[in-house]
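What follows is one structure encoded as structure tokens, with my remarks underneath.
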Amino acid sequence: MEETFSIFTLMTREKELHTAGKIDKTSFEALFRKFFPALMAFSRKFLPDEDDAREVVHSVFINLWERRDTLDTSGSLKSYLFTSVHNRCLNTIRDRKKFSDAEVPESESDIDVQAQLESMELEEKIGEAIASLPEKCREIFEMNRFQGLKYAEIAEKLGLSVKTVENQMSKALKIMREKLAHYLTIVIWILWNGLN
Amino acid sequence: MKNEALHSQFGAKIASYLAGEMNPGERVSFEQEIAADAEKGELFSEYSKIWKGVDQLAEQSGYNVDEEWGILSEKMDFSGKRGLPGNTRKLRAFVFRAAAVLLIGIAGVAGWVVVRNMNAYEALAVEEGSETFELSDGSVITMNAGTTLKYDTRENSGERRVILSGEAFFEIARDTARPFVVEAGSAVIEVLGTSFNVNAYRENETVEVTVHSGLVSMAARSKTGKQILLNPGNAGVLYKTGKQLDIVSTADPNDIAWKTREMVFSGTPLGEVISVVNHVYRSNIVIPDPSLMNCTITVSFRDQELGAVLEVITSTLDLSLSREEGQLILTGEGCK
């Protein structure tokens, strides 16, 4: 059964998070819980130290809370959060340069916020694809990718042959590629057209 | 890229390559193979993209969102009044220290004792209320009343192992080198970094594990049983008799209400509501009239006193409350 896909779901999904446009403590907490891991991962691309990265993400949320009454919430909150993290990371790097002669790597500072938003969508889709794998297949795939177990360790734990683990891993990727193929094409199409 | 035959032959190779299961020789010949064949190269690049996304997901799943929310909340001022400092207890044991987390004292003051054993294990016990402890690795454990937890004091052992009797909520700091293992009744639960609740009171028929973040592995201690992997929103139930191990997909929204004192009821039968309230407040409320059991109620509570909770329930369903020999008795006309 072909899953129909609309590019509008990309834009509307986060609206569930702030119904009536008002941010209260409940929706604020929901926003934090939903976006914290991805924002942390994004922040650490600029600031490899975990505490530095967390400091930036926290300051963005604290700022969001303080400005909740005046903030224009008609736009995308997700885009707002990633853009704010991006800007604050760059500020932190700039300030550090001012106060120390230490060389700060330049290469990462041109990471595109838009590309990050797209990649977060892809990760969300990947998460859904993993959840939809047949039970055994998902179990093996998660043991390998999330728990970091080697094929031989998985085989021993589950009482299977290494060959079976190998086949299940291949099956998992195959199913995921089928589920994501349509989506990957569209994302690439958006990126392509956005650039022209 | 429609060649399914190519996939089945080559897919396993790509997976092995990406998973780091190939030896250097195999890697070199694999790289030559994809460089020489455009179709294989394209398949490889698609798989790599998915693989990278999975790795990013795995990286993100390492954060304990409950804990992170706690860290941020401490810094913030939500309503002008901040959380009570609480009677935070400092416990300077080798592995545990009391957390600077708000203490939830329910019926009186929570009590704990430390029993030093001759072997490598020490024990913590919470008799009343609930108490939060922080491990030296940053993990936080909240123990419900009537719960004991034994923990290994050897910091250099290959795993972090605890033995639980009762109920506790675990927020485990990620440490891929040292899995965190909970032995609870007949179940054994193993994680790397995640938050989950374990309900394993001795009098229960089951051991129940509900997952709030991350991935949890659960198995029967008798090594014959199968192992299950639980995702957030899933609950694992191990039956003491029959050793049956099930995954339940709809986790109970009130499973850690004993810790948060947040209860959500939506068209919930009164019997079930009272069972949750009794669990959260360690109260002994009874409904002698079975016809009242099926009255439903839709309401949510956030950190209310038992009196306030009962006030809402009794006025909504037009019930009366009386006290008799340590029991609270609900009576009424029944539902229209």
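Just a few scattered comments:
- Surrounding net charge for B:Glu26, when Lys and Arg each add one and Asp and Glu each subtract one, Cβ distance under 14 Å: -2
- Among residues other than A:Asp52 with Cβ under 11 Å from its Cβ, the summed charge is 0 (Lys and Arg +1, Asp and Glu -1).
- Applying 0.36 nm per residue to the separation of A:Asn91 and A:Glu153 and subtracting their alpha-carbon distance, the gain on full extension is 17.8 nm.
- Neighbours of A:Ala152 by Cβ distance under 13 Å: Lys/Arg scored +1, Asp/Glu scored -1, total -1.
- With Cα atoms defining each centre, segment B:205-220 and segment B:296-325 are spaced 31 Å apart in the structure.
- Legend: residue pairs A:Lys150/B:Lys226; A:Lys150/B:Lys240; A:Lys78/B:Lys75; A:Lys125/B:Lys49, Cα-Cα distance threshold 24 Å; pairs beyond threshold, A:Lys150/B:Lys240.
- Counting neighbouring beta carbons within 10 Å and listing from fewest to most, the residues A:Asp52, B:Asp318 come out as B:Asp318, A:Asp52.
- For B:Tyr201, distant residues with modelled amide H under 5 Å away: B:Gly166
Each reported figure results from applying straightforward, stated rules to the coordinates on display, with no laboratory input. Bear in mind the structure is a predicted one, so any value in this text is a computation, not a measurement. Quick reminder, even Gly has a Cβ in these numbers, built from the backbone with ideal geometry, and neighbours come from all protein chains shown.
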